[in-house]
Amino acid sequence: MKVAAVLAWIAGFCFGLPCIYAIWYFADYGQVWTFLGFPTYGDGPFADNGIRTTIPLLVAFLVVCAAEVVLGWLLWHGRRHGVGLSWVLLPAELAFWIGFDLPLGPPLGLARTASIVIARRRSRGGFPS
């Protein structure tokens, strides 16, 4: 579960901290922040399907990232609710990762999910202590 916790923190902080700046930038300039020539939290399938980047959309993604950080804490401390939150949070994360075209998100989510499944199997279906 510790591996899953670290993966949750990586996703939560690595996407969430830049999202804070992206919200400020979007509010100030009215456009998506570009980092190293790539639009952050813009373009991708959301834009292709008519979902424009807005402050509420970015804030919703920031909330998902904050939940990911909380998830990491729950998993690290062996809280049973962490596994449930992981399953509930994954579809929302996937929607944002794919929608914003964030290619590192799905592998992190897959690795976190695999880590949880492996840890639960090793503990014979129970939550490891």
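Couple of notes before you dig in:
- Flag for residue 78 being within 23 Å of residue 114 (Cα to Cα), touching a helix residue (DSSP H, G or I) at 6+ places or on another chain (Cβ under 6 Å) and touching a residue at least 12 places away in the same chain (Cβ under 8 Å): no
- The set of residues in region 18-59 being part of a helix (DSSP H, G or I) and without any contact (Cβ under 8 Å) to a residue 24 or more places away in the chain consists of 18, 21, 24, 25, 28, 29, 47, 48, 56, 57.
- Between 69, 83, the distinction of being over 30 Å from residue 28 (Cβ atoms), part of a helix (DSSP H, G or I) and hydrophobic (A, V, I, L, M, F, W, C) belongs to 83 only.
- Restricting region 93-129 to residues that are among the hydroxyl-bearing types (Ser, Thr, Tyr) and at pLDDT below 90 leaves a set whose member that is farthest from residue 57 (Cα to Cα) is 123.
- Residues that are more than 17 Å from residue 10 (Cα to Cα) and in a helix (DSSP H, G or I) within region 86-104 comprise 87, 88, 91, 95, 98, 99, listed in sequence order.
- Restricting 18, 39 to those that are over 22 Å from residue 122 (Cβ atoms), touching a strand residue (DSSP E or B) at 6+ places or on another chain (Cβ under 8 Å) and at pLDDT below 95 reduces the list to 18.
- Candidate set from region 21-36 (those that are surrounded by fewer than 19 Cβ atoms within 10 Å (Cβ to Cβ) and among the small types (Gly, Ala, Ser)); member that is modelled with the highest pLDDT: 27
- Residue among 85, 75, 62, 108 that is surrounded by 17 or more Cβ atoms within 10 Å (Cβ to Cβ) and either closer than 20 Å to residue 21 by Cα or not hydrophobic (A, V, I, L, M, F, W, C) (or both): 62
The values are calculated or read from the model by the stated rules, or taken from the named source; none is laboratory data. Here the structure is a predicted model, which means the values were calculated and not measured. Every residue, glycine as well, gets a Cβ built from its backbone with ideal geometry; the counts of neighbours run over all protein chains shown.
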